[in-house]
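Data first, discussion second: the structure below is written as structure tokens.
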Amino acid sequence: MRIDRGLGDRAWTYVRSAPGTYVWLAVLFVTTVALHHMSPEFEQDFLRQRSTNIHELSNDPARVLVQSAMWIDGGHWVPYAALYTVFHAQAERWLGTLRWLVVCVAAHVLATLISEGALLRAVRDGMAPHSAVDTLDIGVSYALAGVVAVLTYRIAPPWRYAYLVVVLAVYGEPLTSTPTFTDLGHFVSVLIGLGCYPLVRGRGEAWDPREAWAARRG
């Protein structure tokens, strides 16, 4: 009982140290449950009205930019709970809630506008069908990509460079095969996250895996 209580206390302390991450995750849990109670036809129409596609951005950009970040396309919440804990919570604890939120908003908004702008250009040039203006585009992956990238600065060299290579490979590889506007958005999000370097100044020393491992063994 004491062990279980200790684990529970540590978990709750960890959650409280990243309030923005877990409030957002709680909202996603509620909306995901709601999606599971919708018929497939209603769900598609419902999400499309909250999508950051060209049509909705043209009508009410502020609304859809906020609403699109409150839903998960596909309805699988558990993987996002793990990703938020590994990346978002770490970034929020390191940067502080306000700076972490700036990274999230910058990546989500700018990557959306850039990728949808590229799609609009493709539609006008006849490289994409006109139906693409109503493409379903919701989710939190752009903000996640930005946070994954900004965490590069949390890691001490030379491990930092290995981490950066992996991030660029994961998000860059889709652009070399059959790229979509979403793939472009993810890579742009990574560049935005890397561009948030001014926000990481003064946030303490970078984390060194060797020192952490030595401390654990000692």
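The values are calculated or read from the model by the stated rules, or taken from the named source; none is laboratory data. Treat the numbers as computed from the prediction; the structure is a model and nothing was measured. Methodologically, a virtual Cβ is constructed for each residue, glycine included, from the backbone with ideal geometry; neighbour enumeration extends over all protein chains shown. Note: areas computed on protein heavy atoms with side chains; ligands, DNA, RNA excluded. Shrake-Rupley method; radii C 1.70, N 1.55, O 1.52, S 1.80 Å.
Specify which of the listed residues (50, 63) is closer than 19 Å to residue 137 by Cα, assigned to a helix (DSSP H, G or I) and not aliphatic (A, V, I, L, M). After applying the criteria, what remains is 63. For region 177-194, the set of residues classified as of a type in the set (Ser, Thr, Tyr) and crowded, with 16+ Cβ neighbours inside 10 Å consists of 182, 189, listed by residue number. Just give me the residues in region 46-64 being farther than 23 Å from residue 80 by Cβ and either open to solvent by 40 Å² or more (accessible area, probe 1.4 Å) or without any contact (Cβ under 8 Å) to a residue 24 or more places away in the chain (or both), in sequence order. If the condition is that a residue be farther than 23 Å from residue 80 by Cβ and either open to solvent by 40 Å² or more (accessible area, probe 1.4 Å) or without any contact (Cβ under 8 Å) to a residue 24 or more places away in the chain (or both), then 55, 58, 59, 60, 61, 62 are the ones that fit.
When the residues of region 126-140 are filtered to those that are among the β-branched types (Val, Ile, Thr) and under 18 Å from residue 35 (Cα atoms), the one that is farthest from the chain's Cα centre (by Cα) is 138.
This table checks each residue for (1) of a type in the set (A, V, I, L, M, F, W, C); (2) within 21 Å of residue 52 (Cβ to Cβ).
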| residue | (1), (2) |
| --- | --- |
| 138 | yes, yes |
| 143 | yes, yes |
| 149 | yes, yes |
| 156 | yes, no |
| 161 | no, no |
| 168 | yes, no |
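When the residues of region 126-142 are narrowed to those that are over 17 Å from residue 179 (Cα atoms) and not small (Gly, Ala, Ser), which ends up surrounded by the most Cβ atoms within 10 Å (Cβ to Cβ)?
140
Scanning region 194-205 for residues that are under 22 Å from the mean Cα position of the chain (by Cα) and over 24 Å from residue 110 (Cα atoms) gives a single hit, 203. Scan (1) open to solvent by 70 Å² or more (accessible area, probe 1.4 Å); (2) part of a helix (DSSP H, G or I) for the single condition residue 73 breaks and write down its number. All conditions are met except number (2).
Filtering region 84-100 to residues that are of a type in the set (A, V, I, L, M, F, W, C) and either touching a helix residue (DSSP H, G or I) at 6+ places or on another chain (Cβ under 6 Å) or under 20 Å from residue 12 (Cβ atoms) (or both) leaves 86, 87, 89, 91, 94, 100. Does residue 19 satisfy the criteria of being more than 30 Å from residue 133 (Cα to Cα) and of a type outside the set (Val, Ile, Thr)? Yes, satisfied.
Within region 85-104, residues that are closer than 13 Å to residue 203 by Cβ sit with their Cβ atoms under 6 Å from residues that are open to solvent by less than 10 Å² (accessible area, probe 1.4 Å) and of a type in the set (Val, Ile, Thr), at 6+ positions apart or across chains, in these pairs: 91/147; 92/21; 103/147; 103/150.
Residues checked against (1) farther than 23 Å from residue 60 by Cβ; (2) crowded, with 17+ Cβ neighbours inside 10 Å:
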residue	(1), (2)
120	no, yes
144	yes, yes
147	yes, yes
153	yes, yes
159	yes, no
196	yes, yes
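The condition of being open to solvent by 50 Å² or more (accessible area, probe 1.4 Å), farther than 25 Å from residue 110 by Cα, out of contact with any Pro (no Cβ under 7 Å at 6 or more places or on another chain) and not hydroxyl-bearing (Ser, Thr, Tyr) holds for only one of 7, 35, that being 7. Just the residues that are over 15 Å from residue 107 (Cβ atoms), without any contact (Cβ under 8 Å) to a residue 60 or more places away in the chain and among the aromatic types (Phe, Trp, Tyr), please, taken from region 154-189. The answer is 159, 161, 163.
Yes/no matrix, rows are residues, columns are (1) farther than 24 Å from residue 65 by Cβ; (2) modelled with pLDDT of 95 or more; (3) hydroxyl-bearing (Ser, Thr, Tyr):
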site: 136; (1), (2), (3): no, no, no
site: 147; (1), (2), (3): no, yes, no
site: 171; (1), (2), (3): no, yes, yes
site: 175; (1), (2), (3): no, no, no
site: 183; (1), (2), (3): no, yes, no
site: 191; (1), (2), (3): no, yes, no
